């Protein structure tokens, strides 16, 4: 915990010293800014789980919105992973505590105030301190120490940077609640809120490339989000289907029969960043479902799905 705390302290110290929020997110760093909420239309793509078994799921953690939405869908055991260990403390510390403490309107109000930077240093400090009783001990110690550190750094400054904005990317924008299943309505939020402590969540601090080596359970669903965009760190630029094929085969081995692999959420016309993989390549080797997903701009992102038929 103390290594994570020290890294978070350094992250906010640099921004306070420079007097502005960092916008760049380095996905290859163990500790970097993470997401306060997902920029994917999770609501749209989780509809494909309607008739699936809901025993165990594996998902990238990120903002936690995929994990919490899977809980809402009925999964009781949800394993998560991320290369950025700060995501664990944001999701299972801060966000979980916010949901447990606040009703629907107050939760959305908090996100709104953060997005507008409308909380004073003392107001945010008080809010975070009041969330501590709703956190497990490890996360409670982290947020207690980090909140105090931030207060001491900024208490004599005229202009304050928001602690949550210093730790998260895109938090200056307001969440599109229609894109996140448990935020679509007060009823759905309360369902999640009432069952959240009953769900068995786990977290492994591991890069996506090592997922098949890290997890040994069988899953009904695996969600990778868009992590394949960052595999240039292991495969270099211009990687091909020959690099990708054994990786996908290993993931399919982790699925129960008829399990579903959410292989990629695509924001652009090309499939994977810096790769030579084409849709035809994937169709020749795997039975790929290529689905349109409406985004925030009345345009379409795309989702790549593979069903395990073995």
What residue, of 257, 309, 283, 292, is without any contact (Cβ under 8 Å) to a residue 24 or more places away in the chain, more than 22 Å from residue 231 (Cα to Cα) and surrounded by fewer than 17 Cβ atoms within 10 Å (Cβ to Cβ)?
292
Flag for residue 81 being touching a residue at least 60 places away in the same chain (Cβ under 8 Å), in contact with a strand residue (DSSP E or B) (Cβ under 9 Å, 6 or more places away or on another chain) and either surrounded by fewer than 22 Cβ atoms within 10 Å (Cβ to Cβ) or part of a helix (DSSP H, G or I) (or both)
no
Count of residues meeting criterion [assigned to a loop (DSSP other than H, G, I, E, B) and either in contact with a strand residue (DSSP E or B) (Cβ under 6 Å, 6 or more places away or on another chain) or closer than 20 Å to residue 76 by Cα (or both)] in region 195-244
9
Of the criteria (1) out of contact with any strand residue (DSSP E or B) (no Cβ under 6 Å at 6 or more places or on another chain); (2) over 24 Å from residue 143 (Cα atoms); (3) in a loop (DSSP other than H, G, I, E, B), which one residue 75 fails:
(1)
For residue 89, state whether it is touching a residue at least 60 places away in the same chain (Cβ under 8 Å) and out of contact with any helix residue (DSSP H, G or I) (no Cβ under 9 Å at 6 or more places or on another chain).
no
Can you name the number of the only condition in (1) closer than 26 Å to residue 69 by Cβ; (2) modelled with pLDDT of 95 or more; (3) surrounded by fewer than 21 Cβ atoms within 10 Å (Cβ to Cβ) that residue 142 fails?
(3)
Quick one: in region 27-51, of everything that is under 25 Å from residue 176 (Cβ atoms) and at pLDDT below 85, which residue is farthest from the chain's Cα centre (by Cα)?
50
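The values are calculated or read from the model by the stated rules, or taken from the named source; none is laboratory data. Only a predicted model underlies this, so the values are computations on that prediction, with no experimental measurement involved. No Cβ is skipped: glycine too gets one built from the backbone with ideal geometry, and neighbour counts run over all protein chains shown.
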